[in-house]
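Every number here is computed from the coordinates shown, using simple stated rules; none is lab data. All values derive from a computational prediction rather than experimental measurement. For neighbour counting, all protein chains shown are included, and Cβ atoms are generated from backbone atoms with ideal geometry for every residue, glycine included.
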Amino acid sequence: MQGIQKQIRQLLDDLNGLLVAHFYQKDEIVEIADFSGDSLELAKKASFSEKNLIVFCGVGFMGQSVKILAPQKNVIMPKIACCSMARMVSSDYYDNSIALLEKYGISKEEILPITYINSNADVKAKVGQMNGLVCTSSNAKKIFDFARKQGKKIFFLPDKCLGENLAKTDALKSAILGIDGKEKILEADVICYNGFCSVHQLFTPFDVEFFREKYPDILIVVHPECRPEVVQMADFIGSTSQIIQYVASLPPSQKVAVGTESNLVNRLRPLHNGTKNTFVLSATIPECPTMNETNLNDVFEVIKAYKNHRPYNQISIDPQTADFAKKALDRMLELS
Ligand code: 13P
Ligand code: SF4
């Protein structure tokens, strides 16, 4: 363990704090975290933990989710980096989207909104106010199936790819707000907001074809934020945790190309008999810039400042927003 890693662990022991890290964080942070996980696991484990201080290494919406679910906890983040997808939608954009749907003749009562957890608290609150739900990549299908049973049109935000991928699984009609015309929107069962993850957009059908041509037996594994045309070609689709479990279940000799963030992919498996069997499904390095903003020094400084009663980067959410956002998160947790 590096010196700074030891110092961080010592500070955490002194303060009885919990350090959690998303799988996309740098290796040196994941190494010293009390636990790593996908978005759902981190939200649950951190908010249900007995510890009062949560040091969250990830992107802004993740720390917010813990604070919403467990408002009594002190949640600090070494960097409050905003996931670029979460930044694509705000409460104003949400209101404008609903207004556009109403202009097309779809009433609010006919719409059930589902927001991907990669959205900020104000957007989750809007969804909560309309009796909607949150989903994550690991429970999206379950939440989607529940929502479908309510007999309404689904407004899925902000990730158009995840929304379209869910619609395709059940052969439902989908349309993208702001891209598709009124007629297509009116016909759609699932109306998607026009947001996306810039990292997962990097993976293309060409990448899949390239690896399959080079290694005919290779398995293609992708995150559901990937484009629908890539997801359709994959052998396995899952959240970050599900990808890790799936790859761990394969024989070490099985070649696999993985379409998700590079920090996670690079630590999936060691070389097998000196041969590389695990590949990033892209010629470009799919690094999430905001996840990679956090370094060990940031972690050390934010905990030290907290210990010295000069806290910064503490997550706080106005109570009314938190209240409605919690409704949408709780509905998800009841189902997952
Ligand atoms: P997971 O919930 O699968 O960890 O995904 C979070 C994320 O931001 C993927 O880009
Ligand atoms: Fe957001 Fe994409 Fe980074 Fe995930 S990989 S945190 S969706 S920008």
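Take the conditions part of a helix (DSSP H, G or I), within 20 Å of C161 (Cα to Cα) and either free of Cβ contacts under 8 Å to residues at least 60 places away in the same chain or not aliphatic (A, V, I, L, M) (or both) and apply them to V230. Does it pass? Yes: the conditions hold for V230. Here is a check on your reading of the model: is S239 among the hydroxyl-bearing types (S, T, Y), within 12 Å of ligand 1 (Cβ to nearest atom) and either buried (at least 23 other Cβ atoms within 10 Å of the Cβ) or over 20 Å from the mean Cα position of the chain (by Cα) (or both)? For S239, the condition - among the hydroxyl-bearing types (S, T, Y), within 12 Å of ligand 1 (Cβ to nearest atom) and either buried (at least 23 other Cβ atoms within 10 Å of the Cβ) or over 20 Å from the mean Cα position of the chain (by Cα) (or both) - is met.
Residues are listed down the side, and each one gets a yes or a no for (1) within 16 Å of ligand 2 (Cβ to nearest atom); (2) closer than 21 Å to R9 by Cα; (3) in contact with a strand residue (DSSP E or B) (Cβ under 8 Å, 6 or more places away or on another chain):
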residue	(1), (2), (3)
K51	no, yes, yes
V55	no, yes, yes
F61	yes, no, no
P71	no, no, no
S84	yes, no, no
M88	yes, no, yes
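For segment 122-214, the strands (runs of 3 or more DSSP E) that sit wholly inside it and include 3 or more residues that are more than 16 Å from ligand 1 (Cβ to nearest atom) are 153-157, 174-176, 190-192. Listed here are the helices (runs of 4 or more DSSP H) enclosed by segment 1-55 that have at least 3 residues being in contact (Cβ under 8 Å) with a residue 40 or more places away in the chain, farther than 14 Å from I76 by Cβ and within 16 Å of ligand 1 (Cβ to nearest atom): 39-48. Take segment 243-277 and flag every residue that is within 20 Å of G37 (Cβ to Cβ) and of a type in the set (S, T, N, Q). Across segment 243-277, the qualifying residues are Q245, S249, T260, S262, N263, N266.
In segment 255-265, the residue that is farthest from T284 (Cα to Cα) out of those that are touching a helix residue (DSSP H, G or I) at 6+ places or on another chain (Cβ under 9 Å) and among the polar types (S, T, N, Q) is N263. The condition (being part of a loop (DSSP other than H, G, I, E, B) and either without any contact (Cβ under 8 Å) to a residue 60 or more places away in the chain or among the hydrophobic types (A, V, I, L, M, F, W, C) (or both)) is satisfied by just one residue among I303, I317: I317.
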